[in-house]
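Visitor: Can you read through this structure? Questions will come right after.
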Amino acid sequence: MEKKEQLYEGKAKKVYATENPDYVIVSYKDDATAFNGLKKGTIAGKGVINNKMSNLMMQMLEKKGIPTHFVEQIDDRNTVVKKVQIVPLEVIIRNVAAGSFSKKYGVAEGTLLANPTIEFSYKNDELGDPLINTYHALALKLATKEEIETIEKMAFAVNEAMKEFFKQLGIDLIDFKLEFGRFKGQIVLADEISPDTCRFWEAGTWDTTKHTSLDKDRFRRDLGGVEDAYKEIFRRLTGE
Ligand code: UDP
């Protein structure tokens, strides 16, 4: 399948049309942003890792019965995915307190939560992706009640599958962000699953100040070793 015209350029990916109106090609860049675009940089090789890793995760989840947008990887940076209409919600699942959750609720990073949590942000860069609840999402017609219920169920199922999967690689899945799309009347998992969108901590490094981040926090917080962290996650996944 070949790239036709560029449809969209986002912070980390470009999207191209294909000859098939149901499919688009996603092209992963090395560009990295944080804090709603305020911090900008590049992470060498990130596009390749995120492309391949996201595809592995989508295929693993498909096997567990979770429908995704994945169709076929073309090469290191390019993948054919279903052309979905993105539901404008960022869906965040948390197992352990970190980041904005720790700040907002005054819980030390690294505190195990009594149960996994879900939260929604309204996907809108101009507004800074504000936190919303399901009543807000319905009131703003961002999704239907049925869609939200499906998204919640799917997001928790993704969490269980991914927690187990990464545990075997010696990695604790702290939290992550998902996006969903509509394709031919069905809700499917879309966007990406990568160290850009997940917090991965080296297992057994729970101590709040001493955990080892193998994710974009190394970029956000200027911790150094950014490229190596992405490479290490990928090595554990593939042996490459
Ligand atoms: N996240 C993301 N995109 C965003 C915001 C958050 O992928 O625009 C991911 C982030 O990598 C982390 C999880 O969602 O794994 C929770 O992020 P949090 O709300 O703590 O925000 P942060 O502290 O990263 O600003």
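The values are calculated or read from the model by the stated rules, or taken from the named source; none is laboratory data. As the structure is a prediction and not an experimental result, all values here were calculated from the model. Cβ coordinates were reconstructed from backbone atoms using ideal geometry, including for glycine residues, and neighbour counts include every protein chain displayed. All accessible areas refer to the heavy atoms of the entire protein, side chains included, with ligands and DNA or RNA removed. Shrake-Rupley method; radii C 1.70, N 1.55, O 1.52, S 1.80 Å.
Visitor: Which residues among the range 175-194 fall inside the zone where the amide N is under 13 Å from a point 7 Å beyond the Cα of SER100, along Cα→Cβ?
Guide: What the label zone holds, given the 13 Å backbone N cut-off, is 176-178.
Visitor: Same structure again: Taking the Cα centre of the chain as origin, sum charge times position over the Cβ atoms of Lys and Arg (+1) and Asp and Glu (-1), and report the length of that vector in debye to the nearest 20.
Guide: 160
Visitor: Still on this structure, please answer the following. Mind checking Rg over Rh on the chain, alpha carbons, Kirkwood formula for Rh?
Guide: 0.94
Visitor: Here's another thing I want to ask about it. What are the ³J(HN,Hα) values, in whole Hz, obtained from phi via the Karplus relation 6.51 cos²θ - 1.76 cosθ + 1.60 with θ = phi - 60°, for each residue of the range 80-93 in sequence order, with x given for Gly and Pro?
Guide: 7, 10, 5, 7, 9, 9, 5, 6, x, 10, 9, 9, 10, 10
Visitor: Which value results when the Cα radius of gyration for the range 1-130 is divided by 2.2 N^0.38 Å? Please list the in-between numbers first.
Guide: Details: Rg = 16.9 Å, N = 130, 2.2 N^0.38 = 14.0 Å.
Compared with the compact-globule rule of thumb, the range 1-130 sits at 1.21.
Visitor: Which of the lysines could a cross-linker span from LYS145 if the Cα-Cα distance has to be under 28 Å and same-chain partners fewer than 8 positions apart are dropped?
Guide: LYS63, LYS64, LYS82, LYS83, LYS104, LYS123, LYS153, LYS163, LYS177, LYS184
Visitor: Right, here's the next one. Rounded to the nearest 500, what is the 222 nm mean residue ellipticity of the chain from helices alone, with -39500 (n - 2.57) per DSSP H run of 4+ residues and division by all residues?
Guide: My calculation for the chain gives -9000 deg cm²/dmol from helical runs alone.
Visitor: In whole Å, what is the distance between the alpha-carbon centres of the range 109-186 and the range 208-226?
Guide: 23
Visitor: Right, next: For the range 54-60, in order, what is each residue's ³J(HN,Hα) by Karplus, 6.51 cos²θ - 1.76 cosθ + 1.60 with θ = phi - 60°, in whole Hz (x at glycine and Pro)?
Guide: Result, ordered by residue: 4, 5, 4, 5, 4, 5, 4 Hz.
Visitor: If you don't mind, another one. Just order 125-132, 212-219, 167-174 by mean Cβ neighbour count inside 10 Å, highest at the front, would you?
Guide: Descending packing order for the listed peptides: 212-219, 167-174, 125-132.
Visitor: Not counting ligands, DNA or RNA, and with a 1.4 Å probe, what is GLU202's accessible surface area in Å² rounded to the nearest 10?
Guide: Solvent-accessible area, nearest 10 Å²: 50 Å².
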